[in-house]
Amino acid sequence: MGEHQGLLMEYLKSALVGLAAVFAVFVILPILAGIVSMVIFAAKHGFAGIGIAFDRPHWEAQSFAYWFAVFAVFGIAFLWELRQLAKTLR
C-alpha cells in the first residue's frame, strides 16, 4: 500500500511539474516578451501616444502545431521529473 501511494505521488509531482512547464512556456514567456517589446518600442519612439486597448476575446481552435508543442513541453517536463524522482529513490 505504501509503495503504491509513493508511486502515485511521483506521478502527481511529475504531472504538476509538466503543467508548470506548460504555464511557464506558453503564458509567462509570451507576457514577458510582450512587456520587453513594449518597453523597447517606447524607448525607441517615445512614450507619447502609447495606450492599451482591449477587445472581445476571440475564441478559436489552436493549430495542430500549437497543441503538439504543448504536449511536447508537458511530456518532456513530466518525464524529466519522473526520471529525477526515480534516481533519488534508488
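The values are calculated or read from the model by the stated rules, or taken from the named source; none is laboratory data. In this text, all values refer to a predicted model and were calculated from it rather than measured experimentally. FYI the Cβ positions are ideal-geometry reconstructions off the backbone, even for glycines, and counts take in every protein chain you see.
Annotations
- Figure legend. Inter-residue proximity from region 18-45: first residues touching a residue at least 40 places away in the same chain (Cβ under 8 Å), second residues of a type in the set (D, E) and surrounded by 10 or more Cβ atoms within 10 Å (Cβ to Cβ), beta-carbon distance below 8 Å, spacing 6+ or different chains. Indicated pairs: G18/E81.
- Candidates are the residues of region 21-78 that are modelled with pLDDT under 90 and surrounded by 11 or more Cβ atoms within 10 Å (Cβ to Cβ); the one that is farthest from the chain's Cα centre (by Cα) is A42.
- Options A77, A33, A43; residue that is of a type in the set (G, A, S), part of a helix (DSSP H, G or I) and within 30 Å of G6 (Cα to Cα): A77
- Meets criteria (touching a helix residue (DSSP H, G or I) at 6+ places or on another chain (Cβ under 6 Å), in a helix (DSSP H, G or I) and not acidic (D, E)) for L19: no
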